[in-house]
Amino acid sequence: MKQWLAALAALGLGLALCGRADALSARSAIVLDGLTGETLLEQNADETLPMASTTKIMTALTAIELGDIDRVYTVKPAYTAVEGSSMYLETGETLSIRDTLYGLMLMSGNDAALAIAGEYGGEEAFVAAMNEKAAALGLWHTHFDNPNGLDGPTHYTTARELAKLAAYAMENETFREIVSTRTYTSGTRTMVNHNKLLRLYEGAVGVKTGFTKKSGRCLVSAAERNGRRLIAVTLNAPDDWNDHMEMLDDGFAQYEEVTLHQADDEVGEVPVEGGMLRRVGVDGDHTVRLFLTAREQENLETRILGRRFVYAPVTEGGRYGTVEYRLGSAVLASDTLHYGVGTEQLAPAPSRLERLLGLWRGLFDKE
């Protein structure tokens with residue numbers, strides 16, 4: 001009965017979201033859970049479209065994963081010779097790759113993109129690395145012609161794949177720190193993040209804006225509430241800020257708080273060898289609560305990690321192992337476990353000699 005109710009609730013909410021999605025300004029849109037990858041809302045999410053400066057999510061990620069971002073370099077003239085948005089690099093100035101990454105993601109600097117590519121083997125090699133990363137992530141409908149997002153004949157992605165890329169990138173601590181920064185100062189340069197959602201939307205933590213005449217307004221956002229992170233993407237969306245706030249609200253509305261266990265609740269049992277009790281319960285150390293969708297509640301798996309059996313004696317309150325709550329390979333929550341009860345060791349069975357001696361003593365006792 002519970003599963004039927006959950007399914008009906010999910011169906012009803014899904015229909016409501018379809019209605020809201022039709023009202024979006026975006027040509028293509030999606031909201032997905034950043035940890036599980038579950039799609040919460042979508043509209044034409046698999047159409048290949050240009051993505052403008054949201055390209056720089058992959059540019060930043062590729063540089064960070066290549067490493068050595070605190071290395072200082074000297075700006076070359078070629079890095080400044082680019083159209084569009086800029087962090088205003090000057091030929092001959094010195095700065096670190098890290099500072100350039102802030103210019104890339106906060107100010108959407110096309111010059112920053114060229115500088116990063118140039119300092120990691122040149123634009124051709126760097127773009128090849130971006131495309132290799134896309135392939136490694138299974139983004140088969142994504143291709144990059146350049147590191148900055150200017151229009152190109154084979155420069156495209158889909159809302160779904162861009163959301164998957166952003167979800168992956170947001171797992172990187174350095175990337176997450178950069179894109180969640182509202183203002184960054186390096187030397188005499190102060191950079192303000194173009195992503196207005198960081199100021200407009202509760203829990204917003206990233207990630208990137210974009211625009212060209214061909215692509216229209218593009219936006220990738222991330223927000224966190226109640227321990228869950230959502231990723232939203234719109235491509236060609238004239239009203240992208242409002243689209244994202246509505247989409248994220250609809251996404252978060254699908255979650256409800258669930259108590260998985262309270263402190264000292266029994267969450268499982270373990271067999272006991274040689275004990276007065278054949279099994280003892282194992283209890284959680286802490287209360288564990290999660291915000292879950294109806295579908296997640298149906299599919300949540302409880303996995304107890306510890307020894308397959310234990311030997312008596314068992315001490316009440318003693319440490320046993322852990323419990324994990326999982327959705328596929330994603331661990332949503334965990335807790336440590338202790339024995340809820342103890343058990344003494346069974347008295348060892350008498351040996352044959354001891355039994356014979358007992359019989360012998362019994363004979364004398366009768367006299």
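For region 99-135, how many residues are charged (D, E, K, R) and without any contact (Cβ under 8 Å) to a residue 40 or more places away in the chain?
4
Suppose the filter is at pLDDT 95 or above and within 30 Å of Glu38 (Cβ to Cβ); does Val323 pass it?
Details: at pLDDT 95 or above: yes; within 30 Å of Glu38 (Cβ to Cβ): yes.
Judged against the criteria, Val323 is a match.
Can you pull out every residue in region 203-226 that is in contact with a strand residue (DSSP E or B) (Cβ under 6 Å, 6 or more places away or on another chain) and more than 24 Å from Thr48 (Cα to Cα)? Break it down stepwise before answering.
Within region 203-226, the subset in contact with a strand residue (DSSP E or B) (Cβ under 6 Å, 6 or more places away or on another chain) is 203-211, 217-224, 226.
If the condition is that a residue be in contact with a strand residue (DSSP E or B) (Cβ under 6 Å, 6 or more places away or on another chain) and more than 24 Å from Thr48 (Cα to Cα), then Gly203, Ala204, Val205, Ala223, Glu224, Asn226 are the ones that fit.
How many of the residues making up region 177-192 are surrounded by 12 or more Cβ atoms within 10 Å (Cβ to Cβ) and either of a type in the set (S, T, N, Q) or in contact with a Cys (Cβ under 6 Å, 6 or more places away or on another chain) (or both)?
Of the residues in region 177-192, 3 are surrounded by 12 or more Cβ atoms within 10 Å (Cβ to Cβ) and either of a type in the set (S, T, N, Q) or in contact with a Cys (Cβ under 6 Å, 6 or more places away or on another chain) (or both).
Filter the strands (runs of 3 or more DSSP E) completely within region 240-336 down to those with at least 1 residues that are basic (Lys, Arg) and more than 30 Å from Glu202 (Cβ to Cβ).
Passing ranges, in order: 279-284, 301-305, 319-327.
Only one of these is within 28 Å of Asp239 (Cβ to Cβ), modelled with pLDDT of 90 or more and of a type outside the set (A, V, I, L, M, F, W, C): Gly12, Gly34, Gly67, Gly19. Name it.
The match here is Gly34.
Scanning for something surrounded by fewer than 17 Cβ atoms within 10 Å (Cβ to Cβ) and under 25 Å from the mean Cα position of the chain (by Cα), does region 141-156 turn up at least one residue?
yes
Among the residues of region 37-58, is there at least one that is assigned by TED's automatic domain parsing to the domain that holds Thr181, outside any loop (DSSP other than H, G, I, E, B), within 30 Å of Gln297 (Cβ to Cβ) and β-branched (Val, Ile, Thr)?
Initially, region 37-58 is screened for residues assigned by TED's automatic domain parsing to the domain that holds Thr181, giving 37-58.
Pick out the ones that are also outside any loop (DSSP other than H, G, I, E, B) and you get 39-43, 49, 52-58.
Then keep just the ones that are within 30 Å of Gln297 (Cβ to Cβ); that gives 39-43.
Restricting the remaining residues to those that are β-branched (Val, Ile, Thr) gives 39.
Yes, the conditions are met somewhere in region 37-58.
The values are calculated or read from the model by the stated rules, or taken from the named source; none is laboratory data. In this text the structure is predicted, and so the values were computed from the model without any measurement. Note that each Cβ is placed from the backbone with ideal geometry, even for glycine, and that neighbours are counted across all protein chains shown.
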